[in-house]
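Here the structure comes first, spelled out in structure tokens, and everything after it is commentary.
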Amino acid sequence: MKIRPFASRNALLFGGTAAWGLLLVSCVTVNRTLLMPPSVPGATFVGAKDCAQCHEDLTRSFGSATHAKLMTPGDTRREMGCEACHGPGSVHSKAGGGADNILNPARNPDTCYQCHTDKRGEFALPHTHPAGHVTCTDCHDPHRGDAILGGGTRMAATNETCLKCHEAQRGPYVFEHEALRDHCTACHNPHGSVNAKLLKARNATLCLQCHFQQQTATGLFIGGRDHSSYLVQRGTCWSAGCHEAVHGSHVSSSLRF
Ligand code: HEC
Ligand code: HEC
Ligand code: HEC
Ligand code: HEC
Ligand code: HEC
Ligand code: HEC
Ligand code: HEC
């Protein structure tokens, strides 16, 4: 059987509405309140309890997952559970398993994009992580805990998510750049960017997020030094022999190679 996560936006809206009604999210701080579940031809929703029969390990820890909080709206509020991402599971369940009767976002992130439409756009930008080599689940655990691996306030752990593949940025450096204590995402957008190297900004703006710039009668001061001639003549803060060792340096406290 060939599965289409969703035939078209309209088909989905219609089908989704018929099957489930509009889905609302329990968390009011989110602006994505209208969400559509994916569909699998011929299958209906059976609920997470059904999945638990055979996938006990994943179901047991699912209660702590970000997505376990997703609910359908109205009086008959119920948990969306596993099928929010895997699609209705009756056929899969009856067959006792199988890969072609259930959706698996590992093969196709469309299911994620359906609710996270902005991410589809970000992954379409000129600079992204290479599709196919790096998937959503390299950085997000859908089945347990905070969906952002290492999550939330545990910044060091979140950097670990990046460092498992980007060993070169790990350090330790003789002269560290304290910006990395914040997070890799202080400067990079992991989903995609219009700028090379997934940078959030392509020029001094990136660095001036944190480094105070002061225009005085005698010059343009950054970090206590007059930078007026540098910025005009040499380009970005990290190119042309300036602070090239942005992630940390072994030779210079001014972050040079
Ligand atoms: C937020 C979306 C999402 C939800 C909700 C979700 N899953 Fe998954 N599931 C995924 C993704 C993505 C993968 C692929 C994982 C990977 O790439 O390692 C996956 C993989 C799986 C697999 C294949 C296991 C493997 O190791 O390859 C099973 C089985 C599974 N999920 C069952 C469940 C069950 C049972 C639930 C509910 C308790 C559930 N999923 C809820 C997204 C989700
Ligand atoms: C009767 C047992 C059974 C039930 C119930 C069941 N599964 Fe499975 N599932 C399996 C088996 C066995 C596999 C191993 C894959 C295979 O058969 O090729 C599997 C594989 C999967 C996979 C991975 C498919 C892939 O891409 O390789 C996902 C995702 C999955 N199940 C989700 C679910 C969800 C969601 C539910 C509940 C709606 C569910 N399963 C209910 C037995 C079951
Ligand atoms: C049915 C809709 C739906 C699907 C499908 C879905 N998500 Fe989500 N996701 C949400 C909603 C709603 C939230 C916000 C939940 C909240 O903040 O309480 C969310 C939150 C997240 C977060 C943020 C967690 C945090 O701590 O801020 C990540 C990361 C995420 N989803 C990744 C994924 C990935 C990866 C997939 C596909 C495997 C996926 N989502 C599939 C609806 C969905
Ligand atoms: C290379 C790692 C990486 C990959 C791949 C990745 N993400 Fe993320 N994602 C992150 C990080 C890190 C954050 C936290 C962002 C922050 O703190 O600024 C995040 C945040 C999010 C959020 C919540 C905050 C927001 O920006 O809305 C969602 C939703 C999300 N990702 C969805 C996805 C989906 C869907 C995919 C796959 C199509 C994906 N991500 C792939 C690293 C990644
Ligand atoms: C699963 C492995 C993996 C994970 C996890 C991962 N990356 Fe990547 N990253 C890659 C691959 C593969 C490339 C493409 C490599 C290349 O082109 O040299 C890449 C490219 C990049 C680039 C652009 C490099 C260039 O030369 O254009 C940046 C920046 C980057 N990643 C940052 C991050 C950040 C930040 C995180 C954590 C949120 C992260 N990565 C997590 C594998 C990963
Ligand atoms: C202070 C801002 C900043 C922070 C924080 C930061 N980066 Fe970067 N990163 C940059 C800049 C700027 C470049 C481009 C360097 C260049 O073009 O020479 C870059 C380039 C990269 C590249 C491409 C390889 C290369 O040397 O060109 C990777 C991979 C990367 N960063 C990963 C990471 C990881 C992983 C983290 C977190 C541990 C991180 N970055 C934190 C600013 C930052
Ligand atoms: C997330 C915040 C943040 C960002 C973004 C950031 N920095 Fe920093 N940077 C710091 C902190 C914190 C320090 C340590 C305190 C200090 O020296 O001001 C530091 C120190 C430095 C130093 C060492 C100053 C010295 O002489 O000790 C240099 C050079 C530097 N940063 C350059 C850059 C460059 C270049 C960029 C842009 C690629 C950048 N920073 C982006 C936070 C940041």
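Of note:
- Residue 69 meets the conditions (1) modelled with pLDDT of 90 or more; (2) touching a Ser or Thr at 6+ places or on another chain (Cβ under 6 Å) in every case but one. The failed one is (1).
- Contact annotation: residue pairs with Cβ atoms under 6 Å, 6 or more positions apart or on different chains, pairing a residue in segment 246-257 that is under 13 Å from residue 223 (Cβ atoms) with a partner that is surrounded by 12 or more Cβ atoms within 10 Å (Cβ to Cβ), are 253/175; 255/177; 255/243; 255/245; 255/249.
- For segment 97-119, the criterion of being within 16 Å of ligand 4 (Cβ to nearest atom), among the β-branched types (Val, Ile, Thr) and out of contact with any Asp or Glu (no Cβ under 6 Å at 6 or more places or on another chain) is satisfied by at least one residue.
- Summed over segment 86-123, residues that are small (Gly, Ala, Ser) and either assigned by TED's automatic domain parsing to the domain that holds residue 191 or within 16 Å of ligand 5 (Cβ to nearest atom) (or both) total 1.
- Residues of segment 169-203 satisfying the condition of being of a type in the set (Gly, Ala, Ser), within 13 Å of ligand 6 (Cβ to nearest atom) and at pLDDT 90 or above: 179, 186, 193, 196, 201
- Count - residues of segment 41-72 that are more than 17 Å from residue 89 (Cβ to Cβ), surrounded by fewer than 16 Cβ atoms within 10 Å (Cβ to Cβ) and of a type outside the set (Ser, Thr, Tyr): 3
- For residue 147, the conditions (1) within 12 Å of ligand 1 (Cβ to nearest atom); (2) surrounded by fewer than 16 Cβ atoms within 10 Å (Cβ to Cβ); (3) of a type in the set (Gly, Ala, Ser) are fulfilled apart from (2).
- Taking segment 165-220 as the range and being of a type in the set (Asp, Glu) and surrounded by 13 or more Cβ atoms within 10 Å (Cβ to Cβ) as the test, the residues that pass are 176, 182.
- Elements of the type helices (runs of 4 or more DSSP H) sitting completely within segment 91-168 and holding at least 2 residues that are among the charged types (D, E, K, R) and at pLDDT 90 or above: these cover 117-123.
- Screening segment 87-128 for residues that are acidic (Asp, Glu) and more than 20 Å from residue 44 (Cα to Cα) and picking the one that is farthest from ligand 6 (Cβ to nearest atom) gives 118.
The values are calculated or read from the model by the stated rules, or taken from the named source; none is laboratory data. From a predicted model like this one, the values you see are computed outputs, not experimental measurements. All Cβ positions, glycine included, derive from the backbone under ideal geometry; neighbour counts span all protein chains shown.
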